[in-house]
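First comes the structure, then the notes that go with it.
The values are calculated or read from the model by the stated rules, or taken from the named source; none is laboratory data. Being a predicted model, the structure only gives us computed values, none of them experimental. Ideal geometry is used to build each Cβ from the backbone, glycine not excepted, and the neighbour counts take in all protein chains shown. Surface accessibility is based on the protein's heavy atoms, side chains included, excluding ligands, DNA and RNA. Shrake-Rupley method; radii C 1.70, N 1.55, O 1.52, S 1.80 Å.
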Amino acid sequence: MNKANAIKIEQYIVLAMLFLSLLIMPCAAEITINEKILDKTGDSITVIDEIGRTVTVKLPVENIISTDYRQMEALLAIGARDMIVGVDNTFHKRMPYFGLKDASDVAIHAQEVNYEQVLTLEPDLVIIPARQGATADEISEKLKGVPVLAMGLASRDHIIPETQIMGEILDKEEEASKLISWIKKYDGIVEERTRDLKEEDTPTFFYEYMSDLNKKWWSIAPNDPSAGRAAEGCGGRNVAYDLPLNESATTMEVGAEWVLTKDPDYFFMDFMSTGLMSGPGRTEEQVMHNLTKLIEERESEGFSNFTAVKTNHIYTLNRDFISGPRWVIGHVCIAKWLHPDLFGDLSPDEMNKEYLKEFQGLELKGTWAYPLP
């Protein structure tokens, strides 16, 4: 065999290996998800939860409890409504439109669990947020062995594999697959369209996390499981991306002076728990009034000096749009605010109507984002 032929053969081998690797890649992704399910029989299922605990759940599961209201939305979306017997008290306050009026309050949002109340409801499974995972074994022990799963059903990075896991546990595989398909339909569009933007075409932004009780300057870093991740990949540059956070922290408070030194081109306000400021039942006029009032209240901090305020690039976003299944709606909102010319065919409002009707059986009027892109 001459040298030229040998080189050609080597090239064919490389191309063949590359082709095979492309075929294998999707399967590898599925294996990664399925590795979370260690064993499943007709009587039980053993899974690895988000913090790495191995938990066995007896089947069939009939009664479940969630101590994090934000994880409830995904459970409802896959048809688990009739299984839910207990919720955290924040669910009834923040998401009454989802119903479940008769579900008992068994926890104070991801902080305290009323063990006696939980035991009277005889749950087959208790779901807690990942950030409460360090106490999962203790909670299970106090509940006399009721299996406890630490999950991230409200997080962009975990909602797809963990929705699949919950579908397996709750015998809702088809419903879970339908929800995952809806998320994937929109997930990736933003990155695809902003991928080739040059740095000079990617404006800076500051994302502020807000609450009812504490109107301070909070920054959302990219490693935040909901807000920061929803803004990531939208064709902008987060001025707080390199803040020195602790390993367990996702946000930190910064002063107005620090934000002013950065003077971001765009300013996003996350009305995290300010349910009356945006969301279901709120008109555009009401949300506009709330935003204007907030700006006026912060005049003493130099708010009107921001370039974003002067150029009317200041926006509000309800937490419903950046956590749980609807994180993709917030993702599109932010991308369309930053680059309206790239996303003229996508309507966050229509996406929300589609989701609510198809997965929650609801037709809600409201304003979750303002100005609506």
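Sort SER177, SER347 by heavy-atom solvent-accessible area, probe 1.4 angstrom, most to least.
SER177, SER347
Once you have the Kirkwood Rh of the stretch 262-338 from its Cα pairs, apply Stokes-Einstein at 20 °C and 1.002 mPa s and quote D in µm²/s.
Value of D from the Cα-based Kirkwood radius: 162 µm²/s.
Across the stretch 60-106, how large is the tail of the calculated P(r) beyond 14 Å, expressed as a percent of all Cα pairs?
38
What is the distance in Å between the Cα centroid of the stretch 284-311 and that of the stretch 163-201?
34
Working with all protein chains in place, sort LYS336, LYS198 by solvent-accessible area computed with a 1.4 Å probe, largest first.
The residues order as LYS198, LYS336, largest area first.
Any idea how far the Cα center of the stretch 328-350 sits from the one of the stretch 32-105, in Å?
Value for the Cα centre distance between the two parts: 31 Å.
Which order do you get for TRP258, TRP337 if you rank them by accessible area with a 1.4 Å probe, largest at the top?
Solvent-accessible surface, decreasing: TRP258, TRP337.
Got a number for the accessible area of HIS339? Probe 1.4 Å, square angstrom, nearest 10.
Approximately 10 Å² of HIS339 is accessible to the 1.4 Å probe.
What figure in square angstrom, to the nearest 10, would you give for the accessible area of MET95 with a 1.4 Å probe?
Spelled out: MET95, probe radius 1.4 Å, area about 0 Å².
Label points 7 Å out from Cα along the Cβ direction at GLU192 and ARG298: separation in nm?
3.5
With charges set only on the Cβ (+1 for Lys and Arg, -1 for Asp and Glu), what does the dipole of the stretch 98-201 come to about its Cα centre, in debye to the nearest 20? All intermediate terms of the calculation are to be shown ahead of the outcome.
Numbers: 12 positive and 23 negative charges, 31 e Å.
Roughly 160 debye, rounded to the nearest 20.
Average the reciprocal distances over every distinct pair of alpha-carbons in the stretch 114-174, invert the result, and give the Kirkwood radius in Å. Provide the component values of the computation, followed by the final result.
Details: mean 1/r = 0.0805 Å⁻¹.
For the stretch 114-174, the Kirkwood estimate is 12.4 Å.
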